[in-house]
Each structure stands twice: as C-alpha cells, then as structure tokens.
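The block underneath contains the structure these notes are about, expressed in structure tokens.
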Amino acid sequence: MKNTPGVARVQTLAEAGDSKYPFGFAVTIGSSEIRWQVTGQLADGEKHDTPTAEVDGDPAPWTDSTAQDGGEEWLAAVIGRAESSKIARIQQWSAGQGTNQSGVTVFFHNGARAFVRRI
C-alpha cells in the first residue's frame, strides 16, 4: 500500500493516535487522511484457540483503479494488486451489499473473511 502512487504515508490507527479501534490503518493521500477499521470472521467451524488452516488458491480477480481518492474502489485494487494466493475474492460494499457504508470484504480461500470499513 505504501508503494501505491499518491500515497504519502501509511500508519496503524494506534500510530495515528486513534485508540477507539484496535485494528486498522490510516492512509495519507495528498493532503487527506483516510482511516479504515479492520475486523475479521473465522471460517465456519474454526475456533480462536486453534490456528486457522491456510489454504492457497488462485489469487482473487480484481479491477485496477485509477481513483486516487482512497475510497473502496482504490482499496480493492490495492488489495488485488498483491495477488495473494490466500485471497479468493474482494467485494466492494457499494457493489451489492445494500449499504451506504464504504468498505470491502476480503474472502479467503480457507473460508475466513476480513471486513475493512472506512471510519
């Protein structure tokens, strides 16, 4: 993310002085700072007291974005560019989740999910 054109700085929320959300990051693009909270969901049947199985597969399909506003389209493209074999799919919330919240859901091949919402 920090090597993405237009990104001046990436910090954890704690580094950015935000103690309200335990997991997340702040991205500075130009003179604007955008903050994202990250939460997760284990795969069905998984428990926190045992390691989650890692599953590799084809990297998630993604659409490149020229948007440099730090919005969900941009974030989905940044995640997709990683071409991680752990990520099965990336869904932008504005594309069918029926919400006005800006964010993405990252679906992993092992069934776990990460929810990344703009705060």
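Across the stretch 33-119, the relative contact order, built from alpha-carbon pairs under 8 Å that are at least six residues apart, equals 37 percent.
Given R₀ = 22 Å, what would the calculated FRET efficiency be for Thr12 paired with Arg81, taking r from the Cβ atoms and rounding to 0.05? Intermediate results must be reported in sequence, preceding the final value.
Values: r = 21 Å, r/R0 = 0.94.
Taking R0 as 22 Å, the efficiency between Thr12 and Arg81 is 0.60.
Relative to the Cα centre, what is the charge dipole magnitude of the chain, using +1 at the beta carbon of each Lys and Arg, -1 at the beta carbon of each Asp and Glu, and rounding to the nearest 20 debye? List each step's numbers first, then the result.
Working: 11 positive and 14 negative charges, 58 e Å.
Roughly 280 debye, rounded to the nearest 20.
Length gained on full extension, Asp69 to Ser32: 12.5 nm, using 0.36 nm per residue less the C-alpha separation. Shown for the chain: the carbon plus sulfur share of the solvent-accessible area, taken with all protein chains present and a 1.4 angstrom probe, equals 48%.
Any chance you could give the angle, 0 to 90 degrees and rounded to 10, that helix 72-81 forms with the longest Cα principal axis of the chain? Here the helix axis deviates by roughly 60 degrees. Springs join every pair of Cα atoms under 10 Å in this Gaussian network model of the chain, and among Thr12, Thr39, Thr52 the largest mean-square fluctuation is at Thr52.
The values are calculated or read from the model by the stated rules, or taken from the named source; none is laboratory data. For clarity, every value in this text was computed on a predicted model and none was experimentally measured. Cβ: placed from backbone, ideal geometry, glycine included. Neighbour counts: every protein chain shown. All accessible areas refer to the heavy atoms of the entire protein, side chains included, with ligands and DNA or RNA removed. Shrake-Rupley method; radii C 1.70, N 1.55, O 1.52, S 1.80 Å.
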